[in-house]
1. Determine the relative contact order of region 34-181: mean sequence separation of Cα pairs under 8 Å and six or more apart, normalised by residue count, in whole percent.
2. Any idea which of Phe327, Leu253, Pro286 is furthest toward the positive side of the dipole for region 250-349, if Lys and Arg beta-carbons carry +1 and Asp and Glu beta-carbons -1?
3. In the chain, what percent of the accessible surface is made up of carbon and sulfur (1.4 Å probe, ligands and nucleic acids excluded)?
4. Using the Cβ atoms and a cut-off under 11 Å, what net charge is assigned to the surroundings of Phe383, where Lys and Arg are +1 and Asp and Glu are -1?
5. Using just the alpha carbons, could you tell me how many Å³ per residue the convex hull of the chain encloses?
6. Using a 1.4 angstrom probe, figure out how much accessible area the chain has per residue, in square angstrom, rounded to the nearest whole.
7. Subtracting the Cα-Cα distance from 0.36 nm times the residue separation, let me have the gained length for Glu370 to Phe321 in nm, one decimal.
8. Regarding region 18-164, what are the three Cα extents along the principal axes, ordered largest first, in Å?
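The values are calculated or read from the model by the stated rules, or taken from the named source; none is laboratory data. Since we're looking at a predicted model, the values are computed, not measured. Every residue, glycine among them, receives a Cβ derived from its backbone with ideal geometry; neighbour counts consider all protein chains shown. Ligands, DNA and RNA are stripped out before the accessible areas are found, and what is left, the full protein with its side chains, is counted by its heavy atoms. Shrake-Rupley method; radii C 1.70, N 1.55, O 1.52, S 1.80 Å.
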Amino acid sequence: MSAKDDAAPETRLIHTRTERLGRVTVNPPVERASTVLFRTEAALYGPKPTYGRMGLTVHRELEAAMCILEGARHTRLASNGLQACALGIASVVESGGHLLFTDSAYGPTARFCEKRLKAMGVEAERFNPRIGAGIERLFRDNTQAILLESPGSLTFEISDLPAIAEVARTRGIRIVCDNTWGAGLNYKPLALGADISVQALTKYVIGHSDAFGGAVMTNELSLANKVAHCSEDWGIGLAPDDAYLAVRGLRSLHTRLKAHEAAGLELARWLEARPEVASVLHPALPSHPDHALWMRDFTGSNGLFAFVLNEHPPTALERFFEALQLFGMGFSWGGFESLIIPCDDQLTRSDGCWTKEKPGQLMRVHVGLEAVSDLKADLDAAFAALTAA
Ligand SMILES: Cc1ncc(COP(=O)(O)O)c(C=O)c1O
C-alpha cells in the first residue's frame with residue numbers, strides 16, 4: 001500500500017492519475033473518439049478497449065476515482081443517473097423474478113421497476129422505507145433483489161441497510177442502493193451490506209448543473225461482470241466530455257459538500273422556526289424520525305432536504321414562488337445554485353399516507369453555494385408574499 005492509499009478520500013480523489021498517453025498532466029486527456037486504430041489483428045481483438053463506447057483514458061480515471069469514493073473494486077459508467085439505476089437493477093433480476101423496491105425511490109426509477117421490469121417478466125413490489133428487518137415478511141421464493149434509496153426521494157426516510165442486508169444475505173437476495181444523496185463521501189452502502197451502489201453523477205459529483213452521468217459500483221467480480229455484460233448488451237456509455245466534467249467535479253466534491261452541508265443545516269434550522277412551516281424533513285436534524293439511524297450510518301449531510309408548509313391556498317403559493325429571486329424552480333439538484341420545487345404532484349406512495357397526513361404542500365429545497373443570509377432574505381420575502389392578505 002502506498003502513502004496515497006492511506007490518505008483521506010479528498011486527497012485521493014485529487015490524485016487519481018491512471019495510465020496516460022505518454023505525457024503526465026494533472027488532468028486526463030479527453031479523447032473524442034468512436035474509432036480506435038490498431039496495427040495488428042491480435043491487438044484489434046485483444047483485451048484492451050477497442051471502441052470508444054467502452055470508454056477511454058478519462059473514463060478509466062473516473063472509474064478509478066469512483067472506486068475510491070465508494071470503497072469499491074469495480075465501476076461501470078452510464079450516461080445518466082436513471083440509466084445507472086436501471087443498469088444496476090437489471091443486472092440482478094431476470095424474467096420470473098421478484099424485486100422489492102423502496103416506496104420513496106426516485107420517481108423515474110420506480111417507473112422503471114413497475115413498468116419496464118414488468119414488461120421484462122419481473123414483478124416489482126413497493127415496501128415502506130422504514131421496514132428494516134421486517135422486509136423478510138415480503139420475501140418470496142423468487143425474490144431476487146431489493147432496491148434501496150436512503151434517504152428516500154422527496155420524503156427523506158432513512159432505511160436500515162445493515163438490518164435489511166442481514167436478512168437478505170441468508171436468502172441470496174441482492175441489494176442495490178441509490179447513493180446519490182450520500183455522494184459516496186457521506187455514506188458507504190457497500191461497506192454496510194449493499195451489493196451494488198449507484199450514483200447519479202449529475203448531482204454533487206458533476207456539481208455544476210451542466211452535464212449528466214451515472215455510475216454503478218460493486219466489489220464482487222462476478223457481479224461486476226453481470227453489470228458489464230448488461231451494459232454492453234444495452235450499449236450503455238458515457239460521453240467523454242461528461243466523463244471529464246465528472247472527474248473535474250470530484251476534485252472539489254469534499255469541499256463543496258461541506259459548504260452545502262453547513263448552509264443546508266443553517267437554513268433547515270431557520271425553516272424549523274418559521275410559523276409558516278409545519279415540519280422540516282432533514283435527517284441531520286434531531287427532529288427527524290430516523291435521526292439516530294442517520295447518525296449511525298452517515299458521516300455528513302448536504303444541501304438537499306424538504307419541508308412541509310402549513311395549509312395555504314394555491315394563490316398564496318403562486319405568490320410565494322413569484323416572490324423568489326434567488327431560489328429557482330427546476331428539477332435536479334447538487335449544483336452551485338439554490339432550487340426549490342413543490343412536490344405534491346410527484347408524491348406517489350403505496351399507502352397514500354403522505355398525501356393524507358400533511359397539512360400543506362411538500363417543498364424540496366436544494367441549498368446552493370450562495371451566502372446563507374441572502375437565501376434567508378429571499379425566503380423571508382417569499383413567506384411575506386405567501387401570507388399577505
Ligand atoms: C436520487 C436520484 N437518483 C437518480 C436520479 C437520476 O439522475 P439523472 O437526472 O442523472 O438521470 C435522480 C435525479 O434527480 C435522483 O434524485
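1. Relative contact order here is 19 percent.
2. Sorting the options by dipole projection puts first Leu253.
3. 53 percent
4. Numbers: positive: Arg274, Arg319, Lys376; negative: Glu276, Asp378, Asp380.
For residues surrounding Phe383, the net value is 0.
5. Taking the convex hull of the Cα positions in the chain, it is 152 Å³ per residue.
6. On a per-residue basis, the chain sits at 44 Å².
7. Contour length minus the Cα-Cα distance gives 15.8 nm.
8. 58, 33, 23
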